[in-house]
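This report refers to the structure that appears directly beneath it.
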Amino acid sequence: MLDLQPKHFKIILWDMDGTILDFYPAERNAICSTMEHFGLGECTEEMIKRYSKINEIHWKRMERGEITKQQVLEDRFAVFFEGEGINFTKYKEFNELYQQNLGAKVFFHEQAYEIVANLKGKVLQYAITNGTSTAQALKLKNSGLDKLFDGVFISDQIGYEKPSKLFFDYVEAQIPKVPKDEILVVGDSLTSDMQGGNNMGVRCCWFNYDNKPLPENDTVKLDYVIHKLIELEKIL
């Protein structure tokens, strides 16, 4: 039985995909289901891995301000289909169905739901996400997280993406006023969540679930590094 008792932090800003939710199996399900719908042939594990790398590259380009979010959502499929030798150009239609399929099934990281549920009422919890409104609304509903969070901040609705300071300025304006050292960002992305937390001037906890090497430079400040979400118990 979890019994997390926050003693210092009053607000937790949770990333969703890759932190509370295990994104890869959801991505696999969404790609294969959407390809099947459009009759695009077999969907293999190797194809999913290649798509995942293409997708990651596009999101990081967006975080650096090189491309827009709409370009991410469609261009990633153009690159993917061309690389796989698939003659298909209805990228917009594919993405629209993909977003729905992405939210159709949810997969939690170990004990993630229990941790968020245990913290309800003890600390204010908000979701901060760059995911699309369509996919995230479905994920929140199908996961039950919509009943646990005190609020949700989706970049589509704000008009800015993480790690933009404008995104985090908006979040800060909407949440209760507390000292910044009583706010904790928990996320798996150094370039999105941790950099965004740095931009906001709050504490940052990197969820390094896949044991990536620590950054060699000090451009991103990490207050905490955990490999399992249950390790938050030591921090809180």
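The values are calculated or read from the model by the stated rules, or taken from the named source; none is laboratory data. Remember, predicted model here, so these are calculated numbers, not experimental data. Every residue, glycine as well, gets a Cβ built from its backbone with ideal geometry; the counts of neighbours run over all protein chains shown. SASA here: full protein model, heavy atoms, side chains in, ligands and nucleic acids out. Shrake-Rupley method; radii C 1.70, N 1.55, O 1.52, S 1.80 Å.
Excluding Lys92 itself, what net charge comes from residues whose Cβ is under 13 Å from its Cβ, given Lys and Arg +1 and Asp and Glu -1?
Numbers: positive: Arg76, Lys90; negative: Glu74, Asp75, Glu93, Glu96.
Around Lys92, the charge tally is -2.
For the chain, with a Gaussian network of springs between Cα atoms less than 10 Å apart, report the residue from Asn217, Asn208, Asn87 with the top mean-square fluctuation.
Highest fluctuation of the listed residues: Asn217.
What trypsin sites (Lys or Arg not before Pro) in the stretch 163-227 are in a loop by DSSP, with at most 13 other Cβ atoms within 10 Å of the Cβ?
Within the stretch 163-227, the qualifying trypsin sites (Lys or Arg not before Pro) (loop, at most 13 other Cβ atoms within 10 Å) are Lys177, Lys221.
How much net charge surrounds Ile20 when only other residues with a Cβ under 10 Å from its Cβ are counted (Lys, Arg +1; Asp, Glu -1)?
Working: positive: Lys139; negative: Asp15, Asp17, Asp22, Asp188.
Computed value for this residue: -3.
Would you list Leu119, Leu97 from the most to the least accessible area, probe 1.4 Å?
Numbers: Leu119 0, Leu97 40 Å².
Heavy-atom accessible area, descending, gives Leu97, Leu119.
Between rounded, prolate and oblate, where does the stretch 181-236 land on the alpha carbon gyration tensor, with a ≥ b ≥ c its root eigenvalues, rounded for a/c under 1.5, else prolate if a/b exceeds b/c? Present the calculation step by step, with values, prior to reporting the outcome.
Details: a/c = 1.88, a/b = 1.06, b/c = 1.76.
Oblate.
Can you give the extra length, in nm with one decimal, that the chain gains between Leu4 and Phe108 once fully stretched, where that is 0.36 nm per residue apart less the Cα-Cα distance?
Extra length available between Leu4 and Phe108 comes to 35.6 nm.
Using θ = phi - 60° and the Karplus form 6.51 cos²θ - 1.76 cosθ + 1.60, what ³J(HN,Hα) does each residue of the stretch 207-217 get, whole Hz, x for Gly and Pro?
Taking θ as phi minus 60°, the curve returns 8, 9, 5, 9, 6, 6, x, 5, x, 7, 10 Hz for the stretch 207-217.
What are the GluC sites (Glu not before Pro) within the stretch 193-236 that DSSP puts in a loop, where the Cβ has at most 10 other Cβ atoms within 10 Å? Walk me through the numbers before you get to the answer.
Details: sites: Glu216, Glu231, Glu233; in loops: Glu216.
Answer by residue number: Glu216.
Mind checking which of Leu184, Leu73, Leu40 has the largest fluctuation in a GNM of the chain, springs on alpha carbons under 10 Å?
Looking only at Leu184, Leu73, Leu40, the biggest GNM fluctuation is shown by Leu40.
Where both residues lie in the chain, what percent of DSSP beta bridges are antiparallel, nearest 5?
Working: 1 of 22 bridges.
Looking only at bridges with both residues in the chain, the antiparallel portion is about 5 percent.
Using θ = phi - 60° and the Karplus relation 6.51 cos²θ - 1.76 cosθ + 1.60, list the HN-Hα couplings for the stretch 73-87 in order, rounded to whole Hz, with x at every Gly or Pro.
Computed from phi, the couplings for the stretch 73-87 are 5, 9, 5, 4, 6, 4, 5, 4, 5, 4, x, 8, x, 9, 7 Hz.
At a Förster radius of 30 Å, what calculated FRET efficiency corresponds to the Cβ-Cβ distance of Ser133 and Asn217, to the nearest 0.05? Numbers along the way, then the final one.
Working: r = 34 Å, r/R0 = 1.14.
That gives a FRET efficiency of 0.30.
In a shell of Cβ-Cβ distance under 9 Å around Tyr224, excluding Tyr224 itself, what net charge do Lys and Arg (+1) and Asp and Glu (-1) give? Each step should come with its number before you reach the end.
Numbers: positive: Arg203, Lys234; negative: Asp223, Glu231.
Net local charge, Tyr224 excluded: 0.
Ignoring ligands, DNA and RNA, what accessible area per residue does the chain give at 1.4 Å, in Å²? Working shown, then result.
Working: 11510 Å² over 236 residues.
Per residue, the chain has an accessible area of 49 Å².
Can you give the accessible area of Thr44, probe radius 1.4 Å, in Å² rounded to 10?
Approximately 40 Å² of Thr44 is accessible to the 1.4 Å probe.
Per-residue accessible area for Tyr91 at 1.4 Å probe radius, Å² rounded to 10?
It works out to around 60 Å².
Helix 45-63: angle to the longest alpha-carbon principal axis of the chain, degrees 0 to 90, nearest 10?
Relative to the chain, helix 45-63 is tipped by roughly 60 degrees.
Using a 1.4 angstrom probe on the protein heavy atoms only, could you order Trp206, Trp59 from most to least accessible area? Present the calculation step by step, with values, prior to reporting the outcome.
Working: Trp206 5, Trp59 50 Å².
The ordering from most to least exposed comes out as Trp59, Trp206.
Go through Thr19, Thr134 and list them by solvent-accessible area, largest first, probe radius 1.4 Å. Show your work: numbers first, answer last.
Numbers: Thr19 0, Thr134 70 Å².
Descending order: Thr134, Thr19.
How much length would be gained if the chain were fully extended between Tyr209 and Arg64, taking 0.36 nm per residue of separation minus their Cα-Cα distance, in nm to one decimal? Let's see the in-between values first.
Working: separation 145, 0.36 × 145 = 52.20 nm, distance 2.35 nm.
Stretched fully, the Tyr209-Arg64 segment lengthens by 49.9 nm.
Any chance you could look up the accessible area of His37 with a 1.4 Å probe, heavy atoms only, rounded to 10 Å²?
Answer for His37: close to 130 Å² accessible.
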